[in-house]
Each structure stands twice: as C-alpha cells, then as structure tokens.
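Novice: I have a structure here, written as structure tokens, and I will follow up with some questions on it.
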Amino acid sequence: MVKLTIDDIPVEVPKGTTILQAARLIGGDVTPPAMCYYSKLKTSGGYCRTCIVKVEQGSEKDPRPIPKPVASCRTEVAEGMVVRNITSPENLEARAGVVELLLVNHPLDCPVCDQAGECHLQDLAYENGKEETRYEFERREFEPIDIGDKIKLHMNRCIMCFRCVKVADQITDGRCHGVINRGDAAEISTYIEKAIDNDFSGNVIDVCPVGALTDRTFRFKSRVWYTKPVDAHRDCSKCCGKVRLWNQGEEVLRVTARKDQWGEVMDNEDGSTAWICNDCRFDKKHIKDWTVEGPSEINRHSVISANHYDTLRNIKADTLRMLGGKPHGEKVDLGIGALDPNNQHKQ
Amino acid sequence: MSRKLLLKNDHIPGIAALKTYKENGGYTAMEKALKTMSPEALLEEVKTSGLRGRGGAGFPTGMKWSFLAKPEGVPRYLVVNADESEPGTFKDRYLMERIPHLLIEGMVISSFSLGANSAYIYVRGEYFYVSRILEQAIEEAYASGLLGKNILGTGYDLDIYVQIGAGAYICGEETALLESLEGKRGNPRIKPPFPAIAGLYGCPTVVNNVETIAAIVPIIEMGGAEYAKIGIGRSTGTKLISASGHINKPGVYEIEMGLPVEEFIYSEEYCGGIKGGRKMKAVVAGGSSVPILPTELILKTAAGEPRLMSYESLGDGGFITGTMLGSGGFIVMDEDTSIVKNLYTFSRFYHHESCGQCSPCREGTGWMEKILHKILEGKGTLKDIDLLWDIQSKIEGKTICPLGEAAAWPVAAAIRHFRPEFEAYVTNPESIKDVKHYYRLNPTV
Ligand SMILES: Cc1cc2nc3c(=O)[nH]c(=O)nc-3n(C[C@H](O)[C@H](O)[C@H](O)COP(=O)(O)O)c2cc1C
Ligand code: SF4
Ligand code: SF4
Ligand code: FES
C-alpha cells in the first residue's frame with residue numbers, strides 16, 4: 001500500500017493507483033473533475049487536462065516537486081507524495097484556464113442541447129470556469145451528422161475526450177470510428193457517416209461527457225430534468241439488461257445504462273461493465289418491456305435542478321474563499337426536493 | 001578555421017557515393033567498433049564524449065542509451081528522427097543530402113551498441129528526394145556487406161529502413177513519430193511509458209536526431225575523451241547551425257561549441273554580417289520555438305558576458321534574458337523586421353501543426369493566432385496584448401507534448417522583449433505602415 005496526501009487529507013491506496021483514483025476514494029471536492037478519463041475504458045485519460053493537480057512533493061524518496069501540473073488521471077501515486085488540488089490557488093487558476101480554453105470553440109447552445117442538465121461540461125464550467133468569455137472570434141463550426149438512424153453527432157460540442165473512440169475500439173467489434181484532421185479542425189469521424197453498425201454502438205452516447213453524441217430517439221422529446229429516472233431490467237440475450245429508464249408518466253422517453261457518481265457506466269456483480277445493447281437502448285420504449293426496480297439514485301451530474309445550481313454557486317463562493325487557504329469540504333445542503341426530478345412544479 | 005567533424009569532407013566532390021566516402025576514411029569507425037569494441041565499451045565512449053541530443057532538447061545521449069530496457073527475447077530498435085520541421089532548421093537535410101553514409105555508419109555503430117537489428121530513418125514528407133538519396137546509399141551499403149546479415153564478417157546483422165512521413169511537424173515529436181512509423185495517426189503518446197521501455201511496436205526504442213547519430217562516427221574515431229575536449233563545458237563537440245534570415249551568407253555551418261555569437265553572425269567564415277549593412281534587431285537562436293532575443297541580449301548575457309554558441313551560454317538568464325540552443329535553427333532579423341508579424345507567422349504555424357489531442361494546445365494556439373491577426377489588422381487593443389500573455393501561460397506546461405510550449409514560448413518572449421512594438425500596433429497602427437512586409441499576411445486558415 002502507498003500512503004500520500006491530497007489537499008492535506010491522508011489516503012492509502014494500492015501501488016499503481018492513479019492520483020485521480022485515490023482522490024475519488026476520498027471523494028467530495030478534492031476529487032479533480034475528469035472529462036476524458038473513464039475507468040472502464042483502457043488507455044483513456046490524459047487529453048482534456050481538467051484533472052490537473054499540483055504535486056508539491058514527488059515522493060518520500062525524492063521530495064522534489066513536479067515542476068509542471070500533472071494529469072491526475074494518468075499519474076501514479078508514490079509513497080509520501082503530497083498532492084494539491086483545491087488547496088492550491090495556482091492549480092485552480094490553471095484549471096480555470098483549461099476550462100476557458102475548452103469553451104472557446106464550444107457553441108454554448110445549451111438551450112437547444114439534449115445533454116443540458118446532465119452535461120459534465122456545464123458542471124465543469126459552472127464550478128471552475130470564469131463568468132465571462134474573453135473569446136471574441138467566430139467559433140469553429142461543423143454540420144451535425146447522423147450516425148445511422150439512432151445517434152446524432154454534433155461535432156461543435158465535442159471536447160475531443162476520445163471516449164467514444166475507445167468505446168468503438170474496445171466495446172464494439174470492427175472499428176470504423178476515429179479522428180480525422182488535426183488541431184482545432186480535428187473531428188470525430190465514422191469513416192464517414194457509416195453507421196457504427198454494431199449491437200453496442202449506442203454506448204458512445206453514454207460515455208460522451210457533452211452533447212456531442214446524443215440519442216436520436218430522444219431528440220427534443222423533453223429536458224432531462226422533466227423526466228423521472230427509474231432503474232429497470234429485462235432478460236436480454238445480448239447484454240446485462242440492467243438499465244435506467246427516463247420516463248414521463250408511463251412513457252419511456254429514453255433508455256440509458258446506469259451510471260455511478262462519477263458519471264461512468266456501473267459495474268455488474270461479476271465486475272464487468274454494465275454496457276447495454278442497442279435493442280435495450282433504442283427499441284424497448286414501452287414500460288411493459290421492463291421490470292421496474294424503483295427510482296434511480298441521482299447524483300449531481302445527472303440532473304441539475306434550479307436548487308442545485310444555487311448550491312453550486314455556494315461551492316464556488318467557498319472555493320474563492322478557500323483561496324485564502326482554508327480547505328473546504330462542508331456538506332452541501334441541496335434543499336428539500338432538490339433531487340426530485342419533478343420538482344419543476346414546486347418552483 | 002574552427003574544427004570540423006561532420007562536414008570535414010563536405011567539400012569533396014562525390015562524397016555522397018560510397019566509394020568516395022570510403023576513400024576518405026569512411027566506415028573505418030564502424031569497422032573499429034564492430035571488430036574491436038563491445039557494445040558496452042561503445043556506450044562508455046558515448047557517455048564520456050558528453051554528446052547531447054541535437055534534436056532540440058539537448059538530453060545526454062549516453063544517458064538516454066543507458067535507459068534502454070533489455071528484456072530477453074524482445075527486439076530493440078533505433079529510430080533516427082529525420083522529420084526536421086521546426087521552422088528555421090535545415091541542417092539534417094544538408095547532412096543527409098551531402099553525406100548520407102555518415103548517417104548510415106553512425107546508425108550501424110549505434111545499433112550495434114544498443115543491440116538493435118533493425119533501425120529506421122523517419123524522413124519528413126517534404127524531404128522525399130532526400131529519402132531517395134538515403135535509399136541509394138543504403139543499397140550501396142548492402143551491396144558492399146556494410147549492412148544486412150553478418151556485417152563485415154562480424155556476425156552482426158542490421159537492416160535499415162527508410163520511412164517517409166506525410167508532412168506533419170508533430171511527427172517529429174518522438175512518440176508521435178513512433179505512432180506514425182507504426183502506420184497510425186501521428187499523435188504524441190501519453191508518457192510514461194517512455195520509448196526506452198515501450199517504444200516502436202511496444203519494444204524498447206531509442207529515438208535520436210540525425211546529427212546526434214552522425215556525431216557517433218567522429219566520437220568512435222577519436223574516442224569519447226578526445227571529443228569531450230572539443231567545445232566548452234558541458235557543450236562538447238561541434239554543432240550544425242542552420243543560419244537564415246537577413247544575413248549575407250545563409251546556410252548550414254559546423255561550429256565548435258563555444259564560438260561567440262557575435263563572431264558567428266559577423267565573421268566572413270560564417271554568416272558574414274547583416275544584409276545591406278543594416279543593423280540587427282533580434283535573433284531566434286534555436287528554431288522557431290525558442291525565445292527570441294533582442295540584439296543586446298543575444299550578443300551579451302544580462303551580466304555583460306559575451307554570449308557563446310553553447311547550451312549553457314545561450315540558456316544563461318533563463319527565459320527572462322536568455323534562450324536555448326534548441327535545434328540550431330539560427331534566424332537573424334534586421335532592424336526593419338516587424339516582430340509582431342514574425343510572431344504571427346510562428347503562431348500560425350503552431351496552430352496549424354497542433355495535433356488536437358489536448359485542450360490547451362488545440363484551442364489556445366488558434367486563439368493566439370487570431371488575436372495576432374487582429375492586432376496586425378490594426379484592430380487590436382492593449383488588453384489583447386495582456387490576453388495573449390495570459391493564454392500562452394495557460395498553455396505552457398499543461399499539455400501532453402512540448403508542442404504546447406513551442407507555441408507558448410515565442411509569444412511570451414516577443415511580448416517580454418518587444419512589448420512597445422505591440423503597443424505601437426494597437427495604439428497607433430498608422431505609425432507602422434512603412435515597416436517592410438517580410439511576411440505576407442494570410443487570412444486565418
Ligand atoms: C513538436 C516537436 C517536434 C519535434 N521535431 C523534431 C525533429 O524534427 N527532429 C528531431 O530530431 N527532434 C524533434 N523533436 C524532438 C524529439 O521529440 C526527440 O526529443 C529527439 O528526436 C531526440 O533526439 P536527440 O536526443 O538526438 O536530440 C521534436 C519535438 C517536438 C515536441
Ligand atoms: S463525441 Fe463526445 S465522447 Fe466522442 S470525443 Fe467528442 S466529446 Fe468525447
Ligand atoms: S500539445 Fe498540442 S501537439 Fe502536443 S499532444 Fe497536445 S494538442 Fe497534440
Ligand atoms: S481526465 Fe485527466 S486529462 Fe482528462
């Protein structure tokens with residue numbers, strides 16, 4: 001086991017653990033935001049740079065600091081390492097810089113984006129970003145692309161996290177999904193517009209942290225916060241059949257995999273990842289198709305209610321206060337009904 | 001006349017051909033190495049020589065070689081980086097074009113020391129004609145038993161392959177190069193693992209610059225200790241400098257490390273002074289990514305010492321008053337040059353060459369280019385100058401590969417040393433109308 005501290009909080013983890021995984025064990029605000037890392041996908045992480053942390057002491061043996069911020073998702077812990085995330089104003093500033101850069105070419109079209117409300121970029125910008133943009137030029141634009149009749153690609157919103165590329169590589173067989181062009185002209189491609197014709201292709205939607213890959217069968221049907229998520233299952237010959245239904249009344253508007261508090265698809269009992277097949281995702285849209293288990297547990301990344309926004313604002317105020325040096329980790333009171341997806345009526 | 005090691009036979013007609021090369025002492029170092037020395041002894045010579053990588057970073061070559069993992073039953077590779085795409089750098093091209101056998105000889109010695117039986121030369125796409133020269137030289141070497149199976153009857157086997165890139169600067173970054181060599185998209189890998197542990201096809205690999213590998217030949221010829229006596233301090237040996245810009249004699253020069261910068265620029269042996277007798281304004285000493293320095297700081301350090309052509313002297317003062325030897329791309333600018341336009345050209349390049357993997361470089365390089373374009377159009381504000389400064393600081397150190405830094409450093413240095421010029425552009429665009437347009441202004445790509 002390896003001992004280290006993150007924001008002065010001691011933690012002990014097995015050798016080979018990354019700083020990010022160690023921080024997730026601690027949980028709460030010391031956990032760096034991760035836009036590209038995905039623990040269920042091999043070789044993910046390292047791209048977005050939102051998870052950067054400052055390593056104040058490399059290890060007990062070699063106490064020198066690491067001169068540059070490191071990507072916590074790709075950096076292994078070492079005995080006696082001293083890591084600073086939210087207790088380093090310099091690190092928060094660097095992260096704010098990354099967030100600002102992630103947004104310069106983003107269309108900021110949340111009002112017409114199906115991902116709004118469960119978008120990691122929204123959360124990230126809200127919690128770490130600046131209030132105003134300093135970018136005044138035209139934003140890069142691509143035409144939306146239909147990847148088959150079920151998946152929509154809005155390249156304008158893509159943050160190049162490569163998660164979908166890794167899903168195509170690792171979950172589906174026969175890869176026809178990749179990246180073409182370079183720099184800020186780079187785009188996710190399906191060589192080209194060829195539907196990723198595979199039973200598991202729909203999982204690219206679940207891993208996409210933003211609204212770049214969305215479910216065409218759910219398109220403009222509702223805002224996620226007007227739906228009620230319930231966990232349900234069915235006997236499926238292709239996948240685990242354990243899903244989350246996003247309902248309005250008796251109507252199933254959307255089916256997704258179940259996600260954990262980090263926004264990642266959960267594990268099955270046997271430790272495999274509970275990816276779901278396209279039949280379950282796109283074709284089983286009747287409540288009769290499913291055995292409903294009960295309401296899903298909602299975390300802050302799934303549904304953003306108006307109340308939730310308020311508390312996040314407090315978190316930000318806290319973070320700013322913290323620039324004075326005080327670590328913060330107080331429990332956040334979400335308010336009565338904040339997690340009730342139907343609480344729009346109570347506003 | 002200073003000492004020449006790499007280009008000493010450059011004046012000999014036909015030196016590109018094996019016969020002439022051999023007649024002038026070629027392949028004797030290789031014979032000595034393969035027949036009389038062990039791989040370990042060769043490594044020791046390289047370490048003793050103090051040779052540092054000539055591709056830009058100046059990492060000690062002997063140390064790099066000693067990091068190479070040597071697991072049983074796993075092949076090891078030597079990969080020569082001939083991607084040479086840093087603006088202002090053209091010395092590897094010169095060397096390969098003129099004396100291709102020097103590189104091949106260096107590769108055989110190096111591969112033997114590293115225990116590699118396959119070696120690659122990754123040539124930038126635009127150098128396709130150079131690849132033909134190399135191919136021809138390699139063919140000659142095979143035909144004479146200098147490559148292939150049982151070289152010179154020593155039992156050592158080596159095959160050399162030439163691979164042409166498709167014209168991307170990023171493929172000069174060693175891990176992007178390896179990806180490209182494997183036939184994939186040339187994206188830099190996330191390190192660790194480093195190539196010495198898992199490089200080409202996941203096997204231990206050493207990536208070295210063309211000039212680095214060529215320098216192995218004189219090192220083995222004269223011995224590491226003798227080589228270390230040439231040069232100054234920890235900058236041993238000679239260095240090829242690609243000199244360009246407003247000088248009377250642009251070209252590739254071999255200098256002994258430690259040559260005063262002033263002598264290099266003004267002596268007839270080298271650059272021959274500034275064109276048209278004009279005054280010098282600034283120098284980018286090591287390829288477009290290293291910090292630009294104004295005349296007073298390139299000729300003398302902040303402490304008033306004469307600046308020398310060496311890693312240490314050019315680096316004196318850090319980035320506040322110093323720069324880097326880098327790849328030796330020495331770009332001289334005269335008094336009429338617009339630093340802002342020059343910076344725009346550089347920034348446009350880095351924007352165009354970003355691979356797009358990581359957010360700060362992908363988004364930041366384009367933003368900086370756009371702001372510079374706006375300033376050049378006379379629409380900039382003082383705030384834009386601060387914004388540029390801020391963006392470069394948000395890129396530097398936060399990216400996967402050093403291209404981010406390469407894009408950030410020129411911006412920082414130009415503003416640091418020439419801020420009044422930027423201010424003139426935004427406060428009084430009329431005043432700079434008659435500055436000569438050395439760089440044509442292209443609309444943003
Ligand atoms: C964006 C980028 C471009 C590079 N281009 C080259 C190049 O064209 N040639 C080269 O030798 N090294 C280049 N390098 C440096 C290589 O990554 C590597 O450090 C070098 O080949 C090592 O050889 P050396 O130790 O002999 O210098 C580049 C690095 C970066 C980050
Ligand atoms: S489409 Fe989504 S998942 Fe794919 S790279 Fe872009 S942001 Fe990531
Ligand atoms: S720094 Fe630029 S070139 Fe290097 S990996 Fe990141 S995006 Fe690609
Ligand atoms: S989550 Fe670590 S770099 Fe993206």
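Taken together, the values in this text are just the output of simple stated rules run on the coordinates, not laboratory data. Owing to the predicted nature of the structure, the values given are computational and were not obtained by experimental measurement. Don't worry about glycine lacking a Cβ; one is built from the backbone with ideal geometry, like all the others, and counts go over all protein chains shown.
Novice: Write down the Å³ per residue value for the convex hull defined by the alpha carbon atoms of region A:212-277.
Specialist: 114 Å³
Novice: Taking the alpha carbon gyration tensor of region B:339-431, what are the square roots of 5 times its eigenvalues, largest first, to the nearest whole Å?
Specialist: 23, 12, 10
Novice: Just how many % of Cα pairs in region A:140-220 lie over 14 Å apart, if you round to the nearest whole percent?
Specialist: 57 percent
Novice: Regarding region A:34-174, what is the average projected area of its C-alpha convex hull, in nm²?
Specialist: Taking the Cα atoms of region A:34-174, their convex hull projects to 10.9 nm² on average.
Novice: Now, a different point. At 20 °C and 1.002 mPa s, what whole-number value in µm²/s does Stokes-Einstein give for the translational diffusion of region B:18-229, with Rh from the Kirkwood sum over Cα pairs?
Specialist: In µm²/s, the coefficient is 126.
Novice: List, largest first, the extents of the alpha carbons of region B:14-82 along their principal axes, each in whole Å.
Specialist: Here the Cα extents, ordered largest to smallest, are 39, 30, 24 Å.
Novice: Can you give the translational diffusion coefficient of region A:92-198 in µm²/s, computed by Stokes-Einstein from the Kirkwood radius over Cα pairs at 37 °C and 0.692 mPa s?
Specialist: 215 µm²/s
Novice: With each run of n ≥ 4 DSSP H residues scored as -39500 (n - 2.57), what mean residue ellipticity at 222 nm is computed for chain B after dividing by its residue count and rounding to the nearest 500 deg cm²/dmol?
Specialist: It lands at -13000 deg cm²/dmol.
Novice: Let me ask something else about it. Using the reciprocal of the averaged 1/r over all distinct C-alpha pairs, how large is the Kirkwood radius of region A:86-144 in Å?
Specialist: With all distinct Cα pairs of region A:86-144 included, I get 12.7 Å.
Novice: Next up: Can you give me the C-alpha center-to-center distance between region B:272-346 and region A:198-230, rounded to a whole angstrom?
Specialist: Region B:272-346 and region A:198-230 have Cα centres spaced 54 Å from each other.
Novice: Per 10 Å bin, what percent of the C-alpha pairs of region B:82-124 does each bin hold, from zero upward?
Specialist: Using 10 Å bins, I get a P(r) of 26, 47, 25, 2 for region B:82-124.
Novice: OK, next. Tell me which residues come under 5 Å, amide H to amide H, from residue A:81 once H is placed; ignore anything under 5 positions away on its chain.
Specialist: Here A:5, A:60 satisfy the definition.
Novice: Let me ask another. Quick one: putting +1 on the C-beta of Lys and Arg, -1 on the C-beta of Asp and Glu, what dipole do you get for region A:89-236 around its Cα centre, in Debye to the nearest 20?
Specialist: It comes to approximately 240 debye.
Novice: Straight-line reach from residue A:150: which lysines have a Cα under 25 Å away, not including same-chain ones fewer than 8 places off?
Specialist: Output for residue A:150: A:40, A:166, A:194, A:221, A:228, A:238, A:242, A:259, A:284, A:285, A:288.
Novice: Skipping prolines and chain starts, which residues have an amide H placed within reach, meaning under 5 Å, of the one on residue B:164, given they are 5 or more residues away or on another chain?
Specialist: Correct list: B:123.
Novice: For residue A:126 paired with residue A:260, estimate the spin-label separation in nm (one decimal), with each label point 7 Å from Cα along the Cα-to-Cβ line.
Specialist: Between residue A:126 and residue A:260, the label points sit 2.3 nm apart.
Novice: Then there is this: Work out the P(r) tail for region A:2-87: percent of alpha carbon pairs separated by more than 15 Å, whole number.
Specialist: Values: 1855 of 3655 pairs.
I get 51 percent for the Cα pairs in region A:2-87 exceeding 15 Å.
Novice: While we're here: Each label point is 7 Å from the Cα along the Cα-to-Cβ direction; what then is the distance between the points at residue B:424 and residue B:20, in nm?
Specialist: 4.8 nm
Novice: Can you pull the percent of Cα pairs in region A:135-176 with separation above 16 Å?
Specialist: 54 percent
Novice: Assuming 1.306 mPa s and 10 °C, estimate D for chain B with Stokes-Einstein, Rh taken as the Kirkwood radius over Cα pairs, in µm²/s.
Specialist: 70 µm²/s
Novice: Another question, if that's okay. How large is log10 I(q)/I(0) at q = 0.05, 0.07 Å⁻¹ when the Debye formula is applied to the Cα atoms of the protein assembly as shown, each weighted equally and without solvent?
Specialist: -0.31, -0.59
Novice: Another question, if that's okay. With point charges of +1 on the Cβ of Lys and Arg and -1 on the Cβ of Asp and Glu, referenced to the Cα centre of region A:46-133, which listed residue (A:133, A:63, A:117) lies farthest in the positive direction of the dipole?
Specialist: Highest projection toward the positive end goes to A:63.
Novice: Now a separate question. Please report the projected area of region B:244-311's Cα convex hull averaged over all directions, in nm².
Specialist: 4.5 nm²
Novice: Let me ask you something else. If neighbour count is taken as other Cβ atoms inside 10 Å, put B:21, B:201 in order from fewest to most.
Specialist: Fewest-to-most Cβ neighbours within 10 Å comes out as B:201, B:21.
Novice: Of B:160, B:388, B:225, which is farthest along the charge dipole of chain B in the positive direction, counting Lys and Arg as +1 and Asp and Glu as -1 at C-beta?
Specialist: Going by the charge dipole, the pick is B:388.
Novice: Within region B:287-323, find all residues whose amide N lies under 15 Å from a label point positioned 7 Å from the Cα of residue B:278 along Cα-to-beta-carbon.
Specialist: B:295
Novice: Now for a different question. If I take the Cα coordinates of region B:171-293 and project them onto the principal axes, what are the three extents in Å, biggest first?
Specialist: For region B:171-293, the Cα extents along the three principal axes come out at 54, 36, 21 Å.
Novice: Mean Kyte-Doolittle hydropathy of -1.0 or higher plus an axial Cα length of 24 Å or more: which whole DSSP H helices in chain B meet both?
Specialist: Working: long enough: B:359-376 (26 Å, -0.35); B:403-427 (32 Å, 0.23).
Flagged H segments are B:359-376, B:403-427.
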